[in-house]
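What follows is a single structure, written as structure tokens, with notes after it.
The values are calculated or read from the model by the stated rules, or taken from the named source; none is laboratory data. Owing to the predicted nature of the structure, the values given are computational and were not obtained by experimental measurement. Methodologically, a virtual Cβ is constructed for each residue, glycine included, from the backbone with ideal geometry; neighbour enumeration extends over all protein chains shown. Keep in mind that these areas ignore ligands, DNA and RNA; they rest on the heavy atoms of the full protein, side chains included. Shrake-Rupley method; radii C 1.70, N 1.55, O 1.52, S 1.80 Å.
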Amino acid sequence: MTGSSKLTDKKDIAVSTRVRLARNLKEYPFATKLDAKRAKDMISAVRDALEKSPALNAKLKYIAMDGLDDLIIQSFVERHLISPEFANSRSERALLLSDDEHISIMLNEEDHIRLQVMGDGFCPDKCLKEAVMLDMLLDETLTIAFDEELGYLTHCPTNLGTGLRASVMMHLPMLTRFGEISRMVADTGKIGIAVRGVYGEGSKAKSDLYQISNQLTLGFSEDEIIERLTGITDQITARERALRKAAMTDARDTFEDRIFRSAAILRSARLLSAGEAENLISDLRLGVACNLISGIDFDEISRILYEIGPAGISLKNGSSLPPNDRDRQRAAYMRETLSSRLKAI
Amino acid sequence: MLCENCKKRQATTYLKTVSNNEIKEMRLCDECAKEFGGFDFFSGDFGLNGILSSLMGQPQTYGKARPTGGVCPVCGSTLEDISEYGRVGCANCYDTFHESLMPYIRKIHGSAVHTGRVPGRIAKSPARRIKELETKLAQAVAAQEYEQAAVLRDELKALKEGGEK
Ligand SMILES: [Zn+2]
Ligand SMILES: [Zn+2]
């Protein structure tokens, strides 16, 4: 990894970026007032728009939710392609998904259209640009509900205006260890940015991961929202990097020892719960970021994190597994993925 | 800063709740945040999900002065329905119940004037184009860019005359 790419995509700290636009069709009532027949019509209208647009059609495949296997749906949730709520009730719902899964559009979730673009590392500008492009293509054939004063009209007034939620998932092990997260949570809340822990199977924030997102959607332009988010993530990144550097100079032995112990467990354990694996992977990622470990890159680590959830591990096995068997499978998967590759620098 | 719920552990998560008809910020530790539902990017509403019902359901705003705002002609929603679901019934509800909803919308966003992107059909409308040109013209004049201002003035004139035909 070169120094310059580290500066722009901040992959040593930023895990992934997501941008979401909420849109509704003017002609159809919102979800709570939408009966099954009109919901079907609404989805057909979006499908028609897709067929009329070669650019959209080439990018996205249509997936009816009620035709999908439970395990696949659960793994979609673990990979952040759909919301847990969307997975719960599947009739009259559909998903538009790009082959590489970085674009997912939920049809008939809370809003008629929930368009999401994801990217590795820090890339809100790129994600927004692509989301806007997709929105414009849909807008060519669909009449999107809009009001000059309130902006894009959404089912819940919390999403009015731009309908934009931009979020960066950040890996902040040192800020967590030094108890600085709470100050960050207090400071960012004041300026309309929310910091929230990402909760997995364990009791603490999963793998020391946090979502930094804009709270408000009305009264700011899309660019202003992204600008503000970028400013905050820059500050957080600088602080986390400084703490890492300090640990590398002031307490190198204990810092390295923890990272290499975690890497050793990941490479050798026979049973790993999701919670334990998440914590160990946080240390592994920190080791790669501090140039202590090589042989694996940040994107691969993110992929592993998405794949070791209960459904992800069961899918690798081909069918649903009880927790004990999952822990064995998870440990086997980690050994297979890591044992021959990780190198100490 | 300590968690505002248990007051024992460090806060790691920010969310909002409604109490006494006001939006309240909360900073919670991992464990309390998990209890409150953790974070889901998709519903990413920071605890504001259903905020409308919490706000509208408050006795001090309802009670005797409870608005009887009628029925949305498009989806059949009443204000009671909106309060119950915490969500409006259709795009037209924002029109029908404009007066009742605006105070809540201002309370949630702190502002109620959209300044972001607009759909193509609206961006292309002559009225919007005229508004845009007028703003640009004022800016050009203020910056003493008179050549630029002349071009804008001509374009505006043509657009306004075109509209009269
Ligand atoms: Zn607490
Ligand atoms: Zn309505």
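Tabulated values for the structure
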quantity	calculated
Between helix A:323-338 and chain A: long-axis angle, C-alpha atoms, 0 to 90°, nearest 10	70
Trypsin sites (Lys or Arg not before Pro) restricted to DSSP loop in the stretch A:247-345 with at most 10 other C-beta within 10 Å	A:Arg270
Convex hull volume per residue for the stretch A:14-240, taking Cα atoms only, in Å³	124
Leading residue at positive end of dipole, the protein assembly as shown (Cβ point charges), from B:Val74, A:Phe30, A:Gly309	A:Gly309
Subset of A:Lys52/B:Lys131; A:Lys37/A:Lys61; A:Lys59/B:Lys124; A:Lys52/B:Lys157 violating a 29 Å alpha-carbon distance limit	A:Lys52/B:Lys131; A:Lys52/B:Lys157
Average partner coverage of B:102-115, which counts Cβ from other chains inside 10 Å	6
1.4 Å probe accessible area per residue over chain A, in Å²	39
FRET efficiency, B:Arg153 to B:Ser125 (Cβ-Cβ, R0 22 Å, nearest 0.05)	0.60
Sulfur and carbon atoms: percent of accessible area, chain A [1.4 Å]	50
Long-range tail of P(r) for the stretch A:165-280 (Cα pairs > 17 Å, %)	62
Compactness index (Cα Rg / 2.2 N^0.38 Å), the stretch A:163-229	1.18
Candidate aspartates and glutamates - alpha carbon under 18 Å from A:Lys129, same-chain residues fewer than 8 apart omitted	A:Asp9, A:Asp100, A:Glu101, A:Asp120, A:Asp139, A:Glu140, A:Glu222, A:Asp223, A:Glu224, A:Glu227
Residues A:Lys126 and A:Glu149, FRET efficiency given R0 of 25 Å [Cβ-Cβ distance, rounded to 0.05]	0.25
Alpha-carbon centroid distance for the pair the stretch B:145-161 / the stretch A:62-92, whole angstrom	53
Residue-averaged beta-carbon neighbours from other chains (10 angstrom radius) around A:211-222	5
Alpha-carbon spread of the protein assembly as shown, three principal axes, descending order, Å	79, 57, 52
Inter-centroid distance (Cα atoms) of the stretch A:300-314 relative to the stretch A:231-263, Å	25
Exercise: per-residue mean of other protein chain Cβ atoms within 10 Å, A:82-94	1
Area buried, chain B against chain A - accessible surface, total, 1.4 angstrom probe, square angstrom	5400
Spacing of the two label points (7 Å from each Cα toward its C-beta) at A:Arg183 and B:Cys6, in nm	2.3
Projected label distance in nm at B:Gln144 and A:Asp100, using a 7 Å step from Cα toward the beta-carbon	5.1
